[in-house]
Every structure is written in C-alpha cells, then in structure tokens.
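To start, the structure itself, in structure tokens.
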Amino acid sequence: MSLKIGGTIEKVNGKELFYSEFAEKYLAGNQPVLLTGLMDDWTASKHWVSSNGQPNLLFFPTHFGKSKVQVADCDTRELTDQKRIEMSVSEFVNHWLQGSKGNHDVNGKSVLYLKDWHFVKEYPEYQAYITPLFFTDDWLNLYLDNYHMHDDLDADRVSNDISCSDYRFVYMGAKGSWTPLHADVFRSYSWSANVCGKKKWLFLPPQQFNLLFDRNMKNTVYNIFDDISETEFPGFKKAIWLECIQEPNEIIFVPSGWYHQVHNLEDTISINHNWFNGYNLSWVWDLLLRDYKEAKEYIEDIKDICDDFEGLCQRNLAANTGMNFNDFFIFISRFSLANVVELYYLRGELNSESSIWHCSAIIKHFALNLSSIRKTALKMKSEGVEGNLSIINLLEALSDPKFLKLCTGLGRIYSVIHEEENWSCTMKKALMADFAMYGSQVCSPEDLITFIDYAVSKLSSNCDEQNPLLSVLYEIQPHEQNQHF
C-alpha cells in the first residue's frame with residue numbers, strides 16, 4: 001500500500017530566525033520545522049565525524065568504550081517496539097564495523113541501532129554540543145535533573161525506568177537502521193540533530209492519529225511500509241503524511257503528539273532531546289487524557305472485578321507514557337510556584353511601578369507560563385480531576401534545595417533567551433509571608449488555579465493599569481484591569 005504524501009517539512013535558516021518567531025509559529029503552533037546553521041561550533045561535529053563525512057567510529061570505543069547502552073535490533077519486533085539488547089559501546093562499534101560491507105552483513109548479523117544513550121548524564125564534562133537557543137526552554141530535563149517524574153516504582157525498576165533519568169540522547173546507526181512508528185514519550189516536543197549522515201522522516205499530525213489504529217482501537221501500525229491490511233487497519237490508507245529528508249548538520253523539530261517513523265539512509269549519528277514547556281502543556285495534557293481514556297477502555301471488561309480500577313488505569317498510564325495524572329499535576333504545580341518565585345524576584349529588582357516591569361520580555365514570558373499552567377489546570381478540573389492527588393506544600397518547597405535549584409535553572413534559561421545579564425534567584429521574605437497568609441497546600445487543579453490567581457493579585461497590588469501579568473494571564477485589556485481584582 002503506497003503512502004499519501006501531502007507535502008514536505010519547511011526548512012529555515014536558524015541564524016535568520018528570532019526566538020519569538022520560532023516560539024509563535026512552531027512551538028505555539030505545534031508545527032514541525034527543519035533548521036540549518038545551528039551546529040557550526042559543536043565539538044561532536046569535529047570529534048565524531050571523519051574527514052570524509054562518515055562517522056568516526058573508532059573515537060567512541062577509545063573515549064567511551066565501557067559505557068553500557070541500549071541497542072535496538074532493527075530486524076526483530078518485540079511487542080510494539082524493536083527488541084532491545086544491552087552491550088558496551090565498544091561491542092556495538094565492533095558489530096557495526098564487522099557488518100560495514102553490507103547492510104545485513106555477510107555474517108548474518110542484524111542491523112543494530114544504538115538508542116537513548118544518556119550521554120550528557122554520563123559525561124557531563126565532555127561538552128559535545130550546545131543546546132540551540134530555540135530548545136533551551138526545557139522544563140522536562142530541568143525537572144528530571146532534580147526529581148523523578150514518576151516515583152511509585154518497584155525498587156528494582158528505578159534505575160531503568162523511563163521516568164528516572166534525563167531525555168538528552170545520542171543515537172548511532174548504520175545505513176538501514178530505523179525506528180518504528182511512534183509518538184514521543186510524555187507526548188513531548190523533541191529535536192534531533194544530525195551530526196553526520198542522512199535520515200528520512202515520515203510525519204502524521206495528531207489530528208489523524210485515529211487512522212493508525214486497528215478496528216478495535218487497541219493497536220497501532222508498527223511499520224508504515226509493511227503491507228498494511230485494510231481490514232485490520234481500515235483508516236490507514238486515508239492518512240496524509242509529511243516527508244522530510246534530513247541532511248548532516250540539520251536539526252528537525254518534532255511537535256507534540258506527531259507520529260513519526262524514521263529511517264537512516266546513511267551511516268548516521270544524531271543528538272536528540274525530548275522536552276516540553278509552557279507552550280505545549282495543554283497539548284501534553286490533551287494527549288495524556290487521550291491515552292488514559294484509551295487505556296481505560298482497553299481494560300473496561302475487568303472493571304467490576306477490580307478493587308481499584310482507577311488506580312490500575314493510572315498505573316497503566318504511567319507505564320505506557322511515563323507519567324500519570326498525579327505526576328503531571330505535581331509537575332505543573334512545581335513549575336507554577338517556580339514561575340511565581342521568579343516574578344517575585346523580578347518585582348523586587350525592577351519595581352512593579354517601573355516602566356521596565358511593563359515592557360520586560362521576561363515578565364511576559366513568565367506570565368505566559370502561568371497562563372498556560374492555569375488553562376491546563378482548568379482543563380483538568382473540567383475533566384473531573386479533583387481528589388486523590390499529591391499535596392504540594394508551598395512553604396516546604398521554598399526550603400527544599402532541589403526546588404531552589406529548579407528555580408535558579410529556570411531563571412538562567414530565560415536570562416539566555418531574553419539576553420538579560422546577572423540573573424539569579426533570590427528568595428524574598430515577602431514571598432514567604434504572602435504564602436503563609438494564603439495557606440500552604442495545593443492538592444487539586446482547583447487549588448492550583450486559586451494559588452495562581454492569588455499570587456498574581458499580590459504581584460499586581462502596586463501596578464498601574466498597564467499590568468503585563470493581567471493582560472497576558474487573563475487576556476484582558478488595560479482599561480479592564482482595575483475591574484479584575
């Protein structure tokens with residue numbers, strides 16, 4: 001069955017693109033794009049690539065050979081993914097070199113694809129690359145540097161679970177290696193930079209995801225180039241795909257919830273991050289809710305004999321996507337508080353009556369973040385997500401070194417994006433006092449909405465009618481602001 005190709009991915013020179021343009025068109029618009037011109041100074045582009053443009057494979061066993069990595073056997077399916085094998089980097093490179101005379105190797109060896117190597121975590125002193133500005137607003141990896149996404153784990157699974165590490169990866173694969181059709185973990189954004197080699201991407205937007213499921217809505221297509229049964233997958237032939245050929249030194253941005261399948265057309269090394277931020281929180285929630293409803297429907301027939309059916313649904317959701325409703329709530333609650341902390345700091349530094357406060361790009365960015373969190377919490381509330389969520393104690397968080405590190409990291413991100421100097425995160429006594437007066441616990445989406453409204457009211461108490469927080473957070477005009485509180 002041939003695929004319907006509806007177009008290609010836009011290619012843009014990253015050096016000529018402003019952050020605000022990227023954020024509005026691609027982050028907020030949830031659209032893919034191929035970026036050029038952003039990898040010129042990367043160490044990886046020098047050390048990992050031979051003079052002929054091929055992977056410098058011998059560099060890896062020399063410098064990183066003992067590292068244990070997960071390798072996919074591209075010829076063997078295991079459930080919904082490829083079979084995974086653990087081996088050292090040296091063993092992987094030896095396999096690659098032995099099979100270099102043919103894609104499937106005269107010795108009968110399978111095509112292997114090194115995936116999800118947590119390179120940054122393992123070698124923090126070796127700066128292989130600098131994350132491009134467009135991707136620095138990364139709440140996911142900032143959070144995972146300080147917390148686990150999902151803590152309800154068996155002790156023997158903690159070290160290997162998808163929620164327990166970062167999402168900054170190196171991928172290495174010979175020509176012919178590939179990744180089956182999927183949407184990214186957490187339904188996050190991702191970006192993938194080709195250090196060398198060429199890839200072919202096939203994309204399907206989330207609006208068409210239902211076309212990928214079988215008639216029982218329980219299984220999705222594994223390989224879009226297989227002979228797909230119209231009886232089993234009746235909607236598949238209606239899918240309209242976007243195609244992209246990614247060359248060396250190009251970076252592709254993959255939006256939330258876009259299904260994609262990827263093939264290495266040449267021997268390839270790439271750097272990949274999963275991430276999300278205030279721009280796609282709503283998308284992440286929508287897709288998490290969709291996955292929850294699908295998982296719930298899948299096991300509906302055991303509802304009457306299950307003592308804790310909802311708990312089982314949430315455990316399955318975490319196993320399939322990396323987090324459940326509770327994990328997501330804790331995540332957005334902590335970032336809500338972190339954004340408020342940064343605004344309190346700025347109010348002290350800039351003075352809320354100052355003209356700088358009204359025109360500051362950072363102020364508006366934090367306000368947009370709070371607006372996104374608030375809208376997402378409203379969506380959660382509308383879906384009946386109320387009780388049985390973890391309690392976030394605001395005052396305890398303000399004394400938690402991990403949370404303060406999160407705040408500092410968030411401030412540094414926006415100081416880079418908006419080119420502000422001497423950025424830091426200083427706790428103010430007024431902040432502690434305000435939270436003590438408010439009450440310190442947040443344990444439901446409704447509590448979170450109330451907290452954001454309270455914090456904004458305190459931050460706006462001395463502002464004139466040109467308050468950027470109110471105009472961004474509640475989308476109201478200056479002449480209406482004095483009526484809001």
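Quick one: which of Lys66/Lys402; Lys25/Lys237; Lys11/Lys199 span more than 20 angstrom between C-alpha atoms? In this structure, Lys66/Lys402; Lys25/Lys237 exceed 20 Å between Cα atoms. For the stretch 5-275, the square roots a ≥ b ≥ c of the C-alpha gyration tensor eigenvalues yield an a/c under 1.5, which makes the shape rounded.
How charged is the neighbourhood of Arg77? Take every other residue with its Cβ under 14 Å from the Cβ of Arg77, and add Lys/Arg as +1 and Asp/Glu as -1. Summing Lys/Arg as +1 and Asp/Glu as -1 gives -3.
Of the cross-linked pairs Lys46/Lys115; Lys83/Lys296; Lys121/Lys238, which ones have a Cα-Cα span greater than 32 Å in the structure shown? With Cα atoms farther than 32 Å apart: Lys121/Lys238. For the stretch 177-290, rounded, prolate or oblate, judged on the Cα gyration tensor with a ≥ b ≥ c (square roots of eigenvalues), a/c < 1.5 rounded, else prolate if a/b > b/c? The shape class here is oblate.
Taking label positions 7 Å along the Cα-Cβ direction at both Leu97 and Tyr454, the computed distance is 6.3 nm, reported to one decimal.
Placing a pseudo-label 7 Å from each Cα along the Cα-to-Cβ vector at Lys293 and Glu122 gives an inter-label distance of 4.1 nm.
Given R₀ = 25 Å, what would the calculated FRET efficiency be for Glu24 paired with Ser415, taking r from the Cβ atoms and rounding to 0.05?
Efficiency, rounded to the nearest 0.05: 0.75.
Taking 7 Å steps out from each Cα toward its Cβ at Asn146 and Lys379 produces label points 2.4 nm apart.
FYI, it's all coordinate maths here, none of it is from the lab. Computed from a prediction, not measured in an experiment: that's the story for all the values here. Positions of Cβ are generated from backbone atoms using ideal geometry, with glycine treated the same way; all protein chains shown enter the neighbour counts.
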